[in-house]
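Just so it is clear, none of the values below were taken in a lab; they were calculated from the coordinates. As the structure is a computational prediction, the values presented were derived from the model and not from experiment. Don't worry about glycine lacking a Cβ; one is built from the backbone with ideal geometry, like all the others, and counts go over all protein chains shown.
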Amino acid sequence: MKTNKKGVSLAFVIVVVLALVIFSSLLFSSAARSLSMTGESTEGREAYLRAKSAIEYAKTEVYNLAKSNRLAAFSVGPDGDGFRQIADRAADGTACLAECKPGSDGKTWTVTAKVKYRNSAQFRLLSYSFAFQNNPSVNGFVASGGAIGGSQYISSDGEGSGQSQCYPIFVSEHVYSTSGFTAPEMYFTGGYQLKGGGSPTENLTSNLIYLCGKINCDSGATASLYLCGIKDKAASSVQQKRGYAGIVWFHGASVQPRNSSVLVSIPDGAYYFHEGANLFDKTTLANLFGNAQNADGKLQPVPQEDLQPSSGLTLGGKSLAGYAASVAYITDNTGGVKDGTSGDVNWMSQTKFQTSYGNNGGVFDARDADVSIYTDGGYKDEWQNCTSPLSYCARRIQLLKDYDLTFQVPKFTVTFQTGSFWFCEQSSPSYPWAAPPAGLPSDAPTAVQRSRVPTGVPIITAASDKSHLILKSKDGTDVTLIFPRGLDIQPYNSDTTLLLPAGTYTLKSGTDLLGLLSKETDWKTFLKPVSVGTHGGDAGPGGFTITPGKYSAP
Amino acid sequence: MKQLAFRSRKGVSLVEEICAVCILAVGVFAAVSLISLSRVSVTSDSMKEAAAAQAQQLGDNLIAWLSQQPDYIPPTSVTVRDVGGVSAADCGQSGIEIPGYDKLFCVTPKPGALDGQTEGYAIICRVYYNGRKNYVQFHAYASARGTS
């Protein structure tokens with residue numbers, strides 16, 4: 001049988017074309033799949049950045065909430081291209097992008113972010129953990145040159161309306177006063193005595209007043225010591241919610257009321273006070289001794305629950321819970337801070353002085369505590385005779401020296417490993433919070449001839465060319481320097497000196513303070529002013545610490 | 001008879017050939033077009049993927065960098081910066097539409113409600129590809145308070 005060939009070419013072509021179409025369709029679908037995958041990948045990357053951004057936003061909010069003392073678990077929701085804080089709930093990827101909550105230890109916080117992309121089944125998940133710690137809300141170095149040392153009393157004679165400070169004051173010696181004080185917080189741990197005949201009247205104007213020892217008047221009779229609060233810008237829930245002017249804290253205190261020759265012990269503890277509460281008025285004091293019937297109600301014990309972090313009560317923008325730690329922090333178990341023995345360098349850590357050292361050098365590690373090193377005349381011999389390098393480690397270090405002493409770095413390297421370094425002085429025979437001397441540069445450190453340094457400026461100098469004062473931080477970040485009365489840094493055997501106006505600075509970690517000038521013009525890149533011209537400066541960060549955290553994919 | 005004439009098989013192979021050629025031409029054209037389209041698409045995808053990766057890295061690095069800058073102020077003019085090893089143009093206060101650069105970013109400081117200080121930064125990063133005909137753009141946020 002003969003095969004008919006007609007129509008074969010058409011069939012062949014159709015087969016070929018079909019094969020071509022199938023092949024190219026496969027290729028096209030592959031390209032389309034690639035397109036889809038690229039889109040998905042891009043959206044996934046965008047979701048990752050959004051998740052990370054949500055965590056960053058949560059970090060910002062942690063800071064804000066902690067600052068206003070309202071830190072609690074919360075969540076982050078979308079707000080256009082940005083974010084907003086929302087009530088705490090688990091992240092769902094759309095309406096809630098991140099949840100920030102504390103761990104069981106109360107210190108470790110975790111932010112878990114979840115962002116949906118492409119379709120409902122796909123999410124980007126990211127987690128971030130950091131440590132959060134509440135610190136005492138008052139800097140340990142409340143007195144910028146506290147009267148720790150030889151002064152027998154602090155007189156405010158001739159000051160008219162009394163001393164007024166923008167930072168807390170702390171006086172361990174007996175205060176003998178004629179005109180009162182004003183400060184955000186004040187700590188009188190050596191007693192307080194009004195001076196003057198007749199009917200002396202004084203105001204202690206502060207949000208927190210800590211009194212220890214005898215509170216009386218030298219002439220007795222009809223003296224008045226009024227407690228008044230400061231209405232500052234920071235929200236004070238003690239004032240706003242409770243209606244009190246502030247808190248007075250008694251520790252081992254006794255008071256001699258009007259027309260009485262007897263000192264009456266006041267029960268230890270914290271008391272709310274109303275504006276104008278008179279500590280010498282028996283009706284004001286009556287409530288402290290269970291005689292509420294005859295009391296005028298101007299002093300009321302602070303309930304224990306108000307001193308817990310959960311109460312949310314604040315004074316001057318700071319948590320009341322922190323005050324308990326602060327008071328414990330600057331006083332020993334008798335309620336007063338004792339002077340160091342002459343010649344010793346004293347470490348004040350938490351509630352106690354820890355140690356003193358002789359002349360053996362070594363490493364003194366106070367870990368995360370704040371440390372105050374007081375140097376009086378004796379330190380010169382002790383420290384100068386030391387034969388090996390010294391290293392001090394602490395969260396914050398205050399070097400407190402006598403007014404008339406030059407702080408001389410010995411013939412070796414002294415290292416302060418700390419986050420911030422205060423250089424203060426007891427300004428006896430002047431007031432402990434004397435203003436910086438005149439003649440300092442107005443806005444920036446300046447290299448000047450030594451002969452042109454004004455008198456009265458605190459000085460750090462070198463015993464030899466081997467003297468080094470190294471300041472470094474634990475993690476390599478800049479060290480904060482606070483010089484309430486300015487500073488003159490005098491390198492060894494040099495006519496040129498570096499004169500700093502009072503204020504706050506940052507110094508690159510690992511820098512030798514005495515070697516700054518040898519860097520010639522470069523020192524400006526090592527030492528930078530932050531806030532210059534305010535001799536008091538901030539009382540210190542207090543509040544809280546947020547340590548750098550770690551990202552991870554849950 | 002006319003009906004018989006239609007049944008004639010003469011000349012059919014030519015028509016058949018013409019049809020076959022036409023079908024083949026259409027098929028080949030379609031196939032080539034699809035292949036070409038696929039190639040362009042795949043190339044474009046590849047470039048977009050690379051641009052997205054760069055934009056993500058830029059955003060990531062910017063977050064880390066800005067977290068260390070509590071007081072970053074955008075420059076008044078375009079400034080090329082090295083951000084964690086990625087070189088990109090900081091558009092500063094000029095806005096993100098800057099010609100001549102393939103990697104751009106724009107940072108807007110966000111002041112805090114509590115103290116008015118910068119608490120964070122809104123970031124836009126953009127990477128152009130395909131001869132600057134297309135771009136990938138991401139939004140991000142960096143906290144100015146604390147390290148990342």
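Quick notes on this one:
- Cut-off 13 Å (backbone N to label point 7 Å along Cα→Cβ of B:Gln68), residues of the range A:483-512: A:509
- Where only alpha carbons of chain B are counted, the Rg and the Dmax (Å): 29.6, 106
- Summarising the amide proton neighbourhood of A:Gly252: residues at separation of 5 or more, or on other chains, whose placed amide H is nearer than 5 Å comprise A:Asp268.
- Cβ-defined net charge surrounding A:Val115, 12 Å radius [Lys, Arg +1; Asp, Glu -1]: +4
- Virtual spin-label span in nm between A:Asp92 and B:Ile96, 7 Å along Cα→Cβ: 2.8
- Inter-chain Cβ neighbour count for B:55-66, averaged per residue, equals 3 (cutoff 10 Å, partner chain atoms only).
- Scanning residues 5 or more positions from B:Ala144 or on other chains, those with amide H under 5 Å from its amide H are B:Gly120, B:Tyr121, with H placed 1.01 Å from N in the peptide plane.
- Put simply, when B:121-134, B:14-27 are sorted by average Cβ atoms within 10 angstrom per residue, most first, you get B:121-134, B:14-27.
- In the structure shown, the pairs A:Lys107/A:Lys474; A:Lys231/A:Lys474; A:Lys52/A:Lys472 are assessed against 27 Å; a Cα-Cα span above that value is assigned to A:Lys231/A:Lys474; A:Lys52/A:Lys472.
- Using the Cβ-Cβ distance between A:Ser464 and A:Thr506 with R0 set to 22 Å, the FRET efficiency works out to roughly 0.20.
- Above-threshold pairs, the threshold being 21 Å between Cα atoms, out of A:Lys508/B:Lys110; B:Lys103/B:Lys133; A:Lys241/B:Lys110; B:Lys48/B:Lys103; A:Lys528/A:Lys550: A:Lys508/B:Lys110; A:Lys241/B:Lys110; A:Lys528/A:Lys550
- Amide H contacts of A:Tyr210: A:Met186, A:Tyr187, A:Phe188, A:Trp249, each under 5 Å away and 5 or more positions distant or on a separate chain (H built 1.01 Å from N in the peptide plane; Pro and chain starts excluded).
- Each peptide in A:77-85, B:76-84 receives the mean, over its residues, of other Cβ atoms within 10 Å, and ordering these scores from highest gives A:77-85, B:76-84.
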